[in-house]
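Asks: Have a look at this one.
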Amino acid sequence: MNLDSPIDSIKGIGPKTKQLFSKLGIENAQDLLNYFPRSYDQYQAPISITDLTEGEIAAVEGRLISPITNRYFKGRCISTASCSDGNGVICLNWYNMPYLKSSLKAGMTFVFRGRLKKKGSRMLMEQAAVFQKDQYQSRTSTWQPIYSLTKGLTEKTVQKAVREVLRNLPASTDYLPERERTRYHLCGCTEAISQMHFPQNQEKLIEARRRLVFDEFLFFLLRLRTLKEHKQDLHNAFHISPRGAADKLIASLPYELTSAQRRVWADIERDLQGDKVMARLIQGDVGSGKTILAVLALFETAENGYQAALMAPTEVLARQHYQTIQALIAQNDFPFEVLCLTGSMSASEKRLAYAKMESGKASIIVGTHALIQDKAIYHNLALVITDEQHRFGVRQRETLGKKGYTPHTLVMSATPIPRTLAVILYGDLDISVLNEMPSERLPIKNCVVHTGYRPKAYAFIESEVRKGHQAYVICPMVYDSDIVDSENVTDYAETLRENLAQDICVGCMHGRMKPDEKNEIMERFLHNEIQVLVSTTVVEVGVNVPNATVMMVENAQRFGLAQLHQLRGRVGRGAAQSYCIFIQTDKNEANQKRLDILNHSNDGFEIAAQDLKLRGPGDIFGTRQSGLMNFQLADIYQDADILRQANEAAEYILTVDPSLSLPEHAGLKTQYERLEKKTGQTDPGLGL
């Protein structure tokens, strides 16, 4: 078996299971090995029933003191029993498992493991896994991988398949040169993959993850350096000079540009008129005024007779940008035509849009990934702008750039990345920072509270809705989990419907929904048809909803500070005072200290710097910046030191061997080319 072997060549995987793996994007052995666990379950020795704690996952060894009884309620079978270990008694509940009655008899002894809840004065364990004593002992102190699954696919199936591939992997040399492995104290790639799936202990897991994170950063940076060298030689074929449109727009605005906006606009204009093609990043906090600078650049490009494109990460945001630009064109009587191109448009709408783009009739084109499809042909594209840069990979930027004859590139990001890291991650771009907020913006009022505050929070949300405002509620999970103790979107939406007045519409949104479903919900929220939106972090990059004044984040300790700041940026966009409530659901003092930073600062760059200081190597899961830069394992805050090391390695390798032609780099070049071919886009998170 080799890494390119199809998934159904693995023992035990037939046509149906192959289809299930395919839903997860797993087509071959390499895809499977790169499908790393999302977390791990650690099996601890059984404890006394008298020592059980509500909310925890624990195991008890006990004798069934009553037979299992099955009763049916609303079409669901509920099986119940009682267990004693000689020190105490615990209740056991199972749902839709009636067959247990025939296999678990009174008087038999088992190890029961599950999450604990209080039921009156007694402890209850729901949906407990049942083990024979020796069977459980074999798992004690082990780390069991937990994968993100699709319906019909089990943990056991994935684990068995991964073990089969690892067992049959051919002996091979490591593609990473020995110099880098020794210099940065990295384990071998095969060992790293094996330990990521089935770690012997936490130390081995940290070591394995460190190697894989290093590789992710290294391949990303190798590609970035190549792109930078290419761009340095590009001559500016589109000299765009001021002709009055930008000044007219600035004069018509109902507010003054900040000094930071004026400084960055000067950078952009200088680039557009220079000898080299512009490749610039505008980095600024949410609400610092990046969008108006993008519009100024679009208008100045159109005024010079060229086309300009703005690519947004979501359809709703693309349409909002389109409407904003359309309104500004009408208000200032500019002779520009703007069109919107998204994936959900009908075939006839797309044909009309394509025709206007290709003929040059449309001078400003706003859209999503539809802008880089093969059918999207431009007339004379001179400027490409990508909004929320970290949502797009390097190759996606490059693909859109190739739609014109080396057009200018302007990318925008609200992600607060410290400049030392931004210089590495955006190595192909010049950086302008918007470090000033408009004076008319009211600072968001923040509070970090524990779960006992929830009733007051619900009442506060209702009072804000009564004032005509709206609220976001963020949960870390989509569905309930027996393993991870966190609030989930689906159940929490029901909780709010029960606790808020019946006339308040509570919506629910998460990343597993189809794009059309998410767009519909965001549109309804935008138009205040939904007053309270319960969501995962998919709203992190969302639309501008000035009417939203409350952001409440459940299990706030499970998020990184930079991401919490991003979420907070969804409110505070209107004239009304806005509020952010962070609910901490544990009593960990370190988490309290970390979250308290948000209580005292609304400065994203200061928060990001503090986040870097507080991260530790053992913090593998739980506070990862979800979605940031699209890395599979790496987190630029937690792994800042590894990022610096990978950058150092990339610079050395390309200095001594720019074409990776030396014998010691043969494996590295082969792996690099394999990843390029497989992804079809050089996004971060390339895997092995």
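Asks: Among Ser66, Thr142, Thr655, whose Cα lies farthest out toward the positive end of the dipole of the chain, if unit charges sit on the beta carbon of Lys, Arg (+1) and Asp, Glu (-1)?
Replies: Ser66
Asks: Treating only the Cβ atoms of Lys and Arg (+1) and Asp and Glu (-1) as charged, compute the dipole magnitude of the range 41-197 about its Cα centre; round to the nearest 20 debye.
Replies: 760
Asks: Also: Given 0.36 nm per residue, what is the gain on full extension from Ser601 to His527 after removing their alpha carbon distance, in nm?
Replies: That pair, Ser601 and His527, stretches by 23.6 nm at full extension.
Asks: State in Å² the accessible area per residue of the chain; use a 1.4 Å probe, count heavy atoms of protein chains only, and round to the nearest integer.
Replies: 44
Asks: Pulled fully out, how much extra length does the chain show between Arg512 and Glu664, if you take 0.36 nm times their separation in residues and subtract their Cα-Cα distance?
Replies: Gain on stretching Arg512 to Glu664: 50.4 nm.
Asks: Would you mind working out the magnitude of the charge dipole of the range 42-103 relative to its Cα centre, with +1 at each Lys and Arg C-beta and -1 at each Asp and Glu C-beta, to the nearest 20 Debye?
Replies: 520
Asks: Another question, if that's okay. May I ask you to order 90-97, 190-197 by the average number of other C-beta atoms within 10 Å around their residues, highest value first?
Replies: 190-197, 90-97
Asks: Calculate one ³J(HN,Hα) per residue across the range 361-377 by plugging θ = phi - 60° into the Karplus curve 6.51 cos²θ - 1.76 cosθ + 1.60, and present them in order as whole Hz with x for glycine and proline.
Replies: 4, 8, 9, 10, 10, 10, x, 10, 4, 4, 5, 10, 5, 4, 6, 7, 10
Asks: Moving on to the next point. At a Förster radius of 25 Å, what calculated FRET efficiency corresponds to the Cβ-Cβ distance of Ser359 and Arg243, to the nearest 0.05?
Replies: The computed FRET efficiency comes out at 0.65.
Asks: Now for a separate question. In the chain, what % of DSSP beta bridges are antiparallel (nearest 5)?
Replies: Percent antiparallel among DSSP bridges in the chain is about 40.
Asks: Next up: What percentages make up the Cα-Cα pair-distance distribution of the range 38-113 when the bins are 10 Å wide from 0?
Replies: 18, 44, 31, 6
Asks: Using +1 on the beta carbon of Lys and Arg, -1 on that of Asp and Glu, and nothing else charged, what's the dipole of the chain about the Cα centre, debye to 20?
Replies: Its charge dipole is roughly 1720 debye.
Asks: Considering the options Ser535, Gly511, Tyr426, tell which one lies farthest towards the positive end of the dipole of the range 423-542, charges being +1 on Lys and Arg and -1 on Asp and Glu at the Cβ, about the Cα centre.
Replies: Ser535
Asks: Got a sec to turn the phi values of the range 155-162 into Karplus ³J(HN,Hα) couplings, 6.51 cos²θ - 1.76 cosθ + 1.60 with θ = phi - 60°, whole Hz, x for Gly and Pro?
Replies: 4, 4, 5, 5, 4, 4, 5, 5
Asks: Take the Cβ-Cβ distance between Glu648 and Gln202 as r, set R0 to 41 Å, and report the resulting FRET efficiency rounded to the nearest 0.05.
Replies: Efficiency, rounded to the nearest 0.05: 0.90.
Asks: To continue, here is another question. On a full-extension model of 0.36 nm per residue, what is the gain between Ala251 and Gln273, subtracting their alpha-carbon distance, rounded to one decimal in nm?
Replies: Taking Ala251 through Gln273 to full extension adds about 5.7 nm, to one decimal.
Asks: Note down the nm distance, to one decimal, between modelled labels 7 Å out along Cα→Cβ at Lys23 and at Asn499.
Replies: Once both label points are built, they end up 3.2 nm from each other.
Asks: Compute the Rg to Rh ratio over the chain from the alpha carbon atoms, using the Kirkwood formula for Rh, and round to two decimal places.
Replies: My calculation puts Rg/Rh at 0.99.
Asks: Order the peptides 505-516, 365-376 from the highest to the lowest mean number of other Cβ atoms within 10 Å of their residues.
Replies: Ranked by mean Cβ neighbours within 10 Å, highest first: 365-376, 505-516.
Asks: Could you calculate the FRET efficiency of Ala459 with Ile431 from 1/(1 + (r/R0)^6), where r is the beta carbon distance between them and R0 is 30 Å, rounded to 0.05?
Replies: For Ala459 and Ile431, the calculated efficiency is 0.10.
Asks: Another question about this same structure. For the chain, what does the relative contact order come out to in percent, with C-alpha contacts under 8 Å and a separation of six or more?
Replies: 13
Asks: For the range 144-218, build the charge dipole from Cβ charges (+1 Lys, Arg; -1 Asp, Glu) around the Cα centre, then report which of Leu153, Ser172, Met196 sits farthest towards its positive end.
Replies: Of the candidates, Leu153 comes out farthest on the positive side.
Asks: Amide H neighbours of Tyr147 under 5 Å, at least 5 residues apart or on other chains, H built in the peptide plane: list them.
Replies: It is Arg38, by chain and number.
The values are calculated or read from the model by the stated rules, or taken from the named source; none is laboratory data. Since the model is a prediction, treat every value here as computed from it, not as a measurement. Don't worry about glycine lacking a Cβ; one is built from the backbone with ideal geometry, like all the others, and counts go over all protein chains shown. When the accessible area is computed, the model is the full protein with side chains, heavy atoms only, and any ligands, DNA or RNA have been set aside. Shrake-Rupley method; radii C 1.70, N 1.55, O 1.52, S 1.80 Å.
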